[in-house]
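Peer 1: Quick one: the structure is below, questions incoming.
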Amino acid sequence: MHKPRIYLWNVLVKGYIKNKLPFDAVSVYKQMHCSGVWPDEFTYPFVIKACSEMAEVLTGVAVHAHVVKNGLEFISMVRTELIIMYVKFGELGLADFLFRTMVGRDLVAWNAFISACLQLGYAAKAFYLFRQMGGDGIGFDVVTVVNILSICGHLGCLEIGEEIYENARKEGIVDCNIIVDNARLDMYVKCGNVETARDLFEKMRSRNVVSWSTMIVGYAINGESEKAFELFSKMQNYGVKPNYVSYLGVLSACSHAGLVREGQAYFNQMAKSSDKDIKPRKEHFACMVNLLGRSGRLKDAYELAKSMPMEPDPAVWGALLGACAIHQNIELGNRAADLLFEMESNIGSYYVLLSNMFAASGRWDRVDNLRLRMKEKRVRKTAGCSSVEFRGDIHIFYAGDRSHPQSDAIHSKLDDLIKRIKSIGYVPWTNSALHDVEMEEKEVSLSTHSEKLAIVFGLINVQQEHPIRVMKNLRTCEDCHTFTKTSGDHDRFGSSWTLRRTAEMRSLLKLTTVESIF
């Protein structure tokens with residue numbers, strides 16, 4: 001064919017994208033450009049999607065320039081793909097600018113932007129967009145409902161999620177929709193309400209492998225390992241074939257419970273399976289490294305990582321580094337950190353984890369060297385924050401935060417609470433404080449961690465019959481974990497404590513639930 005028409009070029013680009021070959025798709029676009037074929041509004045959505053999947057920022061920016069040059073930047077589907085691309089590049093400001101200046105933002109554009117923010121970890125931004133969408137008078141559909149239920153799961157906004165679902169049900173948007181029911185399951189388990197999730201699971205008219213896997217993972221992250229194993233067996237008895245997420249759930253359950261032998265058995269089932277869909281992936285190796293490492297088998301964890309049939313990713317070495325920090329194996333932890341920094345040199349959490357390890361062993365010279373290295377590489381630590389829902393809003397706290405309108409009351413009550421639990425045995429875990437300062441200063445630093453501020457805000461504001469759900473964007477430190485558990489030791493509080501409350505604190509994929517008397 002001497003000079004294929006634009007339609008045929010578009011089909012070829014689309015075909016490569018559908019088959020997950022983004023580099024080939026961009027290569028075809030370059031050939032088309034060099035051939036003098038003029039691209040149209042159907043060309044760029046697929047080319048931009050290819051740039052997103054390649055994570056090639058410069059290529060994406062160049063394609064954006066072509067879009068502008070060809071006068072197609074205001075076409076809705078082109079603009080939407082550009083917004084998603086910049087979210088994936090981490091350029092949230094650019095994505096937001098393109099969205100705000102978009103002419104005729106329709107429901108598809110809103111859903112796409114919200115979904116992209118959610119998938120890339122910007123749950124708070126996605127929630128804000130949903131609120132803004134309602135303020136602009138845009139109605140929602142099933143896709144919106146699924147997105148917002150997932151957002152509420154990430155942020156711990158159970159009441160908001162339930163209210164939105166109920167409104168959608170009354171309007172007939174979500175009637176008997178298994179995708180929506182699975183999203184509800186996910187929301188409930190992430191918010192720690194496992195009993196309600198199981199009740200919904202049992203009442204579902206139809207269940208698929210996603211439903212079973214969500215429930216299994218839910219039990220795992222909430223520390224109910226035995227129920228996860230039971231449901232996994234029941235799933236197979238019902239003739240539902242487990243997928244890789246199902247196995248990730250039982251491996252996580254083993255990891256939370258420290259069941260090494262059982263975890264190895266499940267892992268071996270996957271490795272020996274003839275089904276390529278359940279062969280161990282990087283996530284499963286990371287889970288096994290975590291399980292072995294946390295149980296003290298650091299050498300076995302390291303050997304497993306080195307023997308992987310694929311290149312270990314940061315999650316694998318990060319799991320090993322975390323285990324080394326627990327067992328204070330600085331030599332192996334340093335080795336894992338070096339491998340991490342080769343892959344992901346700008347992610348601050350890995351530096352902080354290594355710094356924690358050096359600080360806990362009193363090696364402040366190594367801490368200072370690490371901080372200097374972070375400064376030279378311009379590595380920034382992600383600010384830890386905790387959020388709590390109250391009256392349809394999300395209140396966010398940072399360590400030492402005094403910006404909240406109720407700041408004085410929060411700090412006053414927190415001081416009183418710490419004095420009370422010290423009287424029953426709480427001892428601040430000062431190894432968590434990464435400063436070479438006196439013990440008293442370390443305790444002051446620990447006393448205003450974001451989790452503690454969020455819990456106390458809940459005590460002041462949330463009604464007694466309702467639980468306080470605190471969500472942390474980073475891993476909860478040992479001191480805050482001890483603080484929460486000690487506060488829940490209700491047998492030792494005595495008559496001076498008048499409010500019986502349930503405090504739920506979730507950090508990453510681990511949920512700590514304690515019954516507390518305050």
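Peer 1: All but one of (1) open to solvent by 60 Å² or more (accessible area, probe 1.4 Å); (2) free of Cβ contacts under 8 Å to residues at least 40 places away in the same chain; (3) touching a helix residue (DSSP H, G or I) at 6+ places or on another chain (Cβ under 7 Å) hold for residue 244; which doesn't?
Peer 2: With (1) open to solvent by 60 Å² or more (accessible area, probe 1.4 Å); (2) free of Cβ contacts under 8 Å to residues at least 40 places away in the same chain; (3) touching a helix residue (DSSP H, G or I) at 6+ places or on another chain (Cβ under 7 Å) applied to residue 244, the lone miss is (2).
Peer 1: Restricting attention to the range 364-390, report how many residues are in contact (Cβ under 8 Å) with a residue 24 or more places away in the chain and outside any helix (DSSP H, G or I). Before the answer, list the steps.
Peer 2: Here is the first cut: in the range 364-390, the ones in contact (Cβ under 8 Å) with a residue 24 or more places away in the chain are 364, 367, 374, 377-382, 384-390.
Then keep just the ones that are outside any helix (DSSP H, G or I); that gives 377-382, 384-390.
Counting residues in the range 364-390 that are in contact (Cβ under 8 Å) with a residue 24 or more places away in the chain and outside any helix (DSSP H, G or I) gives 13.
Peer 1: Oh, and also: Say we look at the range 331-389 and pick out the residues that are aromatic (Phe, Trp, Tyr) and surrounded by 21 or more Cβ atoms within 10 Å (Cβ to Cβ); which of these is modelled with the lowest pLDDT?
Peer 2: First, pick out the residues of the range 331-389 that are aromatic (Phe, Trp, Tyr): 341, 350-351, 358, 364.
Those left that are additionally surrounded by 21 or more Cβ atoms within 10 Å (Cβ to Cβ): 350-351, 358.
Working: 350: 76, 351: 79, 358: 80.
Step by step, filter the range 331-389, then rank; the result is 350.
Peer 1: Residue 297: of a type in the set (D, E, K, R) and buried (at least 16 other Cβ atoms within 10 Å of the Cβ), yes or no? Spell out how you get there, then give the answer.
Peer 2: Numbers: of a type in the set (D, E, K, R): yes; buried (at least 16 other Cβ atoms within 10 Å of the Cβ): yes.
The answer is yes for residue 297.
Peer 1: Please pick out the residue among 172, 153 that is modelled with pLDDT of 90 or more and of a type in the set (Gly, Ala, Ser).
Peer 2: On the way: 172 fails: modelled with pLDDT of 90 or more.
Only one candidate qualifies: 153.
Peer 1: Every residue in the range 174-199 that is hydrophobic (A, V, I, L, M, F, W, C) and surrounded by fewer than 18 Cβ atoms within 10 Å (Cβ to Cβ), please.
Peer 2: First, the residues of the range 174-199 that are hydrophobic (A, V, I, L, M, F, W, C): 174, 176, 178-180, 183, 185, 187, 189, 191, 194, 197.
Matches in the range 174-199: 176, 178, 179.
Peer 1: Please work out which residue is farthest from the chain's Cα centre (by Cα), limiting yourself to the range 150-175 and to residues that are assigned to a helix (DSSP H, G or I) and of a type in the set (D, E, K, R).
Peer 2: Keep residues of the range 150-175 that are assigned to a helix (DSSP H, G or I), which gives 150-155, 158-170.
Narrowing the set further to residues that are of a type in the set (D, E, K, R) leaves 159, 162-163, 166, 169-170.
On the way: 159: 20, 162: 21, 163: 23, 166: 25, 169: 27, 170: 31 Å.
The qualifying residue farthest from the chain's Cα centre (by Cα) is 170.
Peer 1: Answer yes if at least one residue in the range 448-459 is modelled with pLDDT of 85 or more, of a type outside the set (D, E, K, R) and either loosely packed, with under 13 Cβ neighbours inside 10 Å or farther than 28 Å from residue 349 by Cα (or both), and no otherwise. Spell out how you get there, then give the answer.
Peer 2: Initially, the range 448-459 is screened for residues modelled with pLDDT of 85 or more, giving 449-459.
Still in the running and of a type outside the set (D, E, K, R): 449-450, 453-459.
Filter again for either loosely packed, with under 13 Cβ neighbours inside 10 Å or farther than 28 Å from residue 349 by Cα (or both), leaving 459.
Yes - at least one qualifying residue is present in the range 448-459.
Peer 1: From the list 419, 413, 485, which residue is in a helix (DSSP H, G or I), in contact with a strand residue (DSSP E or B) (Cβ under 7 Å, 6 or more places away or on another chain), open to solvent by 10 Å² or more (accessible area, probe 1.4 Å) and at pLDDT 55 or above? It would help to see each step written out before you state the result.
Peer 2: Numbers: 419 fails: in contact with a strand residue (DSSP E or B) (Cβ under 7 Å, 6 or more places away or on another chain); 413 fails: in contact with a strand residue (DSSP E or B) (Cβ under 7 Å, 6 or more places away or on another chain).
Answer to the selection: 485.
Peer 1: Of all residues being part of a helix (DSSP H, G or I) and open to solvent by 20 Å² or more (accessible area, probe 1.4 Å) in the range 306-329, which is farthest from residue 352 (Cα to Cα)? Just the residue, please.
Peer 2: Within the range 306-329, the subset part of a helix (DSSP H, G or I) is 306, 314-327.
Those left that are additionally open to solvent by 20 Å² or more (accessible area, probe 1.4 Å): 306, 314-315, 325-327.
Working: 306: 24, 314: 15, 315: 15, 325: 11, 326: 14, 327: 16 Å.
Among residues in the range 306-329 that are part of a helix (DSSP H, G or I) and open to solvent by 20 Å² or more (accessible area, probe 1.4 Å), the one farthest from residue 352 (Cα to Cα) is 306.
Okay, residues lined up against (1) under 19 Å from residue 190 (Cβ atoms); (2) in contact with a strand residue (DSSP E or B) (Cβ under 9 Å, 6 or more places away or on another chain):
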{"residue": "221", "(1), (2)": "yes, yes"}
{"residue": "227", "(1), (2)": "yes, no"}
{"residue": "238", "(1), (2)": "no, no"}
{"residue": "266", "(1), (2)": "no, no"}
{"residue": "273", "(1), (2)": "no, no"}
{"residue": "288", "(1), (2)": "no, no"}
{"residue": "293", "(1), (2)": "no, no"}
{"residue": "296", "(1), (2)": "no, no"}
{"residue": "301", "(1), (2)": "no, no"}
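Peer 1: Restricting attention to the range 284-313, which residues are charged (D, E, K, R), out of contact with any Leu (no Cβ under 6 Å at 6 or more places or on another chain) and farther than 14 Å from residue 254 by Cβ? Before the answer, list the steps.
Peer 2: Start the filter on the range 284-313 by keeping residues that are charged (D, E, K, R), which leaves 294, 297, 299-300, 303, 306, 311, 313.
Adding the requirement that they be out of contact with any Leu (no Cβ under 6 Å at 6 or more places or on another chain) leaves 294, 297, 299, 303, 306, 311, 313.
Matches in the range 284-313: 299, 303, 306, 311, 313.
Peer 1: Same structure again: Please go through the range 47-59 and pick out each residue that is open to solvent by 30 Å² or more (accessible area, probe 1.4 Å) and hydroxyl-bearing (Ser, Thr, Tyr). Quick ask: steps written out before the conclusion?
Peer 2: Initial filter on the range 47-59 (open to solvent by 30 Å² or more (accessible area, probe 1.4 Å)): 49, 53, 55-59.
Answer for the range 47-59, where residues must be open to solvent by 30 Å² or more (accessible area, probe 1.4 Å) and hydroxyl-bearing (Ser, Thr, Tyr): just 59.
Peer 1: Kindly establish whether residue 29 is open to solvent by less than 50 Å² (accessible area, probe 1.4 Å) and in contact with a Leu (Cβ under 7 Å, 6 or more places away or on another chain). Before you say what the answer is, go through the steps one by one.
Peer 2: Details: open to solvent by less than 50 Å² (accessible area, probe 1.4 Å): yes; in contact with a Leu (Cβ under 7 Å, 6 or more places away or on another chain): no.
No.
The values are calculated or read from the model by the stated rules, or taken from the named source; none is laboratory data. Every value quoted in this text rests on a predicted model; they were computed, and no experiment measured them. Neighbour counts are summed over all protein chains in view; Cβ atoms, including those assigned to glycine, are modelled from backbone coordinates with ideal geometry. What goes into the accessible areas is simple: the full protein's heavy atoms, side chains included, and nothing from ligands, DNA or RNA. Shrake-Rupley method; radii C 1.70, N 1.55, O 1.52, S 1.80 Å.
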